[in-house]
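The values are calculated or read from the model by the stated rules, or taken from the named source; none is laboratory data. Keep in mind that what you see is a predicted model, and the values were worked out from it rather than measured. Neighbour counts run over all protein chains shown; Cβ positions are idealised from the backbone, glycine included. The area values use the complete protein model at the heavy-atom level, side chains included, leaving out ligands, DNA and RNA. Shrake-Rupley method; radii C 1.70, N 1.55, O 1.52, S 1.80 Å.
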Amino acid sequence: MTVNPETEAGALRLPPGFRVVGFAAVGSTNDEAKTLARSGCPERTVVWAGRQESGRGRRGRAWSSPEGNLYTSTILRPGVPPATAAQLSFVAALAIADTAAAFLPGGAAVRCKWPNDVLIGGRKLSGILLESEPLDGSGDGWIVLGVGVNLAHYPHDADYGATSLQEEGALHATPAAALEVYAGHLALWYDRWLAGGFTPVRDGWLARAMGLGGPVVVRLPNRTLTGRFVDLDRDGVLLLDPDDGGPRQRIAAGDVFFPPATER
């Protein structure tokens, strides 16, 4: 699939306030967006690339970025503290999940996995990476919301199960079409978050949550917890009731795993 965002960007149908800067290829869309943000580029500017030469995910992990998938980074300026801005990963997950559902055949199970994965049939569809710089003297802080969605390709040798929209039966999810749908859903969920805080986002995320109410394993740097995934706190923290009968645990960061029967 030949993708040329440089020429296609101008023809996109976008929500009010959104504009797209297209590149055939970049090292990283997040890096390009950060450069634009530092220069004062307005909120809701989207950097879109046909491919990335050095895409990355959380914790610096490499993100495979062949042509045919969707790679975007959106500049946002919500004017909130960093702890609150972290909620944007849930905003992005919902936008991606709704985008996937719009292209997939009826009945496909799109789920959100804590903290910010979107899965189809228990397999990972996308990656989300938030990066920011603190407020400067002018108060002009920004967030770059990086998103990669597997449309036509997915890694077959990853240490986690992965998939693509095409693999799941969505045959018409071109990068341009997917970007239009994603931008619409991102605008919807971002505006809900700005107007109502985390509550509407939390409700939407829990409606798609994988494993809610069931068994879960959480791997932390110094220990592994097993228990039941009971809820999501008002700040996005996972709440776990341990199998050993101990007090409820608040998990702010960790790797979450579900038994195979739950994953699908």
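Keeping to region 79-99, report how many residues are surrounded by fewer than 17 Cβ atoms within 10 Å (Cβ to Cβ) and at pLDDT 95 or above.
Residues flagged as surrounded by fewer than 17 Cβ atoms within 10 Å (Cβ to Cβ) and at pLDDT 95 or above within region 79-99 amount to 0.
Report, by residue number, each residue of region 218-240 that is in a strand (DSSP E or B) and either among the small types (Gly, Ala, Ser) or surrounded by fewer than 16 Cβ atoms within 10 Å (Cβ to Cβ) (or both). Let's see the steps before the verdict.
First pass over region 218-240, keeping only residues in a strand (DSSP E or B): 218-219, 224-232, 238-240.
Matches in region 218-240: Arg219, Thr224, Thr226, Gly227, Val230, Leu239.
Collect the residues in region 100-114 that are more than 22 Å from Glu180 (Cβ to Cβ) and either open to solvent by 30 Å² or more (accessible area, probe 1.4 Å) or of a type in the set (D, E, K, R) (or both), keeping them in residue-number order.
Within region 100-114, Gly107, Ala109, Arg111, Lys113 qualify.
Look at Gly10 and say whether it is open to solvent by 50 Å² or more (accessible area, probe 1.4 Å), assigned to a loop (DSSP other than H, G, I, E, B) and not basic (Lys, Arg).
Working: open to solvent by 50 Å² or more (accessible area, probe 1.4 Å): yes; assigned to a loop (DSSP other than H, G, I, E, B): no; not basic (Lys, Arg): yes.
When the stated conditions are applied, Gly10 does not pass them.
Sort through Thr174, Thr199 and tell me the only one that's polar (S, T, N, Q), farther than 26 Å from Ser65 by Cβ and open to solvent by 10 Å² or more (accessible area, probe 1.4 Å). Break it down into steps so the answer makes sense when it comes.
Numbers: Thr174 fails: farther than 26 Å from Ser65 by Cβ.
Step by step, each of Thr174, Thr199 is checked, and only Thr199 is polar (S, T, N, Q), farther than 26 Å from Ser65 by Cβ and open to solvent by 10 Å² or more (accessible area, probe 1.4 Å).
Go through region 31-46 and give me each residue that's open to solvent by 50 Å² or more (accessible area, probe 1.4 Å) and small (Gly, Ala, Ser).
Ser39
Please verify whether Gly245 is assigned to a loop (DSSP other than H, G, I, E, B), of a type in the set (Gly, Ala, Ser), surrounded by fewer than 17 Cβ atoms within 10 Å (Cβ to Cβ) and touching a residue at least 12 places away in the same chain (Cβ under 8 Å), treating the condition exactly as stated. If you could, list the steps in order and put the result at the bottom.
On the way: assigned to a loop (DSSP other than H, G, I, E, B): yes; of a type in the set (Gly, Ala, Ser): yes; surrounded by fewer than 17 Cβ atoms within 10 Å (Cβ to Cβ): yes; touching a residue at least 12 places away in the same chain (Cβ under 8 Å): no.
The answer is no for Gly245.
May I ask you to list the residues in region 15-25 that are open to solvent by 50 Å² or more (accessible area, probe 1.4 Å), touching a strand residue (DSSP E or B) at 6+ places or on another chain (Cβ under 7 Å) and either over 14 Å from Thr72 (Cα atoms) or not charged (D, E, K, R) (or both)?
The first filter runs over region 15-25 and keeps only residues open to solvent by 50 Å² or more (accessible area, probe 1.4 Å), leaving 16-17, 19, 23.
Next cut, touching a strand residue (DSSP E or B) at 6+ places or on another chain (Cβ under 7 Å) only: 19, 23.
Of everything in region 15-25, just one residue is open to solvent by 50 Å² or more (accessible area, probe 1.4 Å), touching a strand residue (DSSP E or B) at 6+ places or on another chain (Cβ under 7 Å) and either over 14 Å from Thr72 (Cα atoms) or not charged (D, E, K, R) (or both), namely Phe23.
From Asp191, Asp203, Asp157, which residue is in a loop (DSSP other than H, G, I, E, B) and more than 16 Å from the chain's Cα centre (by Cα)? Explain how you work it out, then say what you get.
Values: Asp191 fails: in a loop (DSSP other than H, G, I, E, B); Asp203 fails: in a loop (DSSP other than H, G, I, E, B).
Selected residue: Asp157, the only one of Asp191, Asp203, Asp157 that is in a loop (DSSP other than H, G, I, E, B) and more than 16 Å from the chain's Cα centre (by Cα).
Among the residues of region 94-131, count how many are in contact (Cβ under 8 Å) with a residue 24 or more places away in the chain, over 19 Å from Glu43 (Cα atoms) and assigned to a helix (DSSP H, G or I).
Residues meeting the conditions: 8.
Just checking, which of Ser28, Ser54, Ser65 is open to solvent by 30 Å² or more (accessible area, probe 1.4 Å), of a type in the set (S, T, N, Q) and at pLDDT below 95?
Numbers: Ser28 fails: open to solvent by 30 Å² or more (accessible area, probe 1.4 Å); Ser65 fails: open to solvent by 30 Å² or more (accessible area, probe 1.4 Å).
Matching residue, one of Ser28, Ser54, Ser65: Ser54.
Of the residues that make up region 207-219, is at least one on the phi < 0 side of the Ramachandran plot, of a type in the set (Gly, Ala, Ser) and in contact (Cβ under 8 Å) with a residue 12 or more places away in the chain?
From region 207-219, those on the phi < 0 side of the Ramachandran plot are 207-210, 212, 214-219; that's our starting set.
Checking the rest, the ones that are also of a type in the set (Gly, Ala, Ser) come to 207, 209, 214.
Pick out the ones that are also in contact (Cβ under 8 Å) with a residue 12 or more places away in the chain and you get 209, 214.
Checked region 207-219: at least one residue is on the phi < 0 side of the Ramachandran plot, of a type in the set (Gly, Ala, Ser) and in contact (Cβ under 8 Å) with a residue 12 or more places away in the chain.
If only one of Gly169, Gly139 is at positive phi, modelled with pLDDT under 85 and part of a loop (DSSP other than H, G, I, E, B), which one is it?
Gly139 is the lone residue from the list that is at positive phi, modelled with pLDDT under 85 and part of a loop (DSSP other than H, G, I, E, B).
Residue under question is Val237, and the condition is that it be free of Cβ contacts under 8 Å to residues at least 24 places away in the same chain and of a type in the set (A, V, I, L, M); does it hold? Let's see the steps before the verdict.
Numbers: free of Cβ contacts under 8 Å to residues at least 24 places away in the same chain: yes; of a type in the set (A, V, I, L, M): yes.
Here the answer is yes, as Val237 does meet what is asked.
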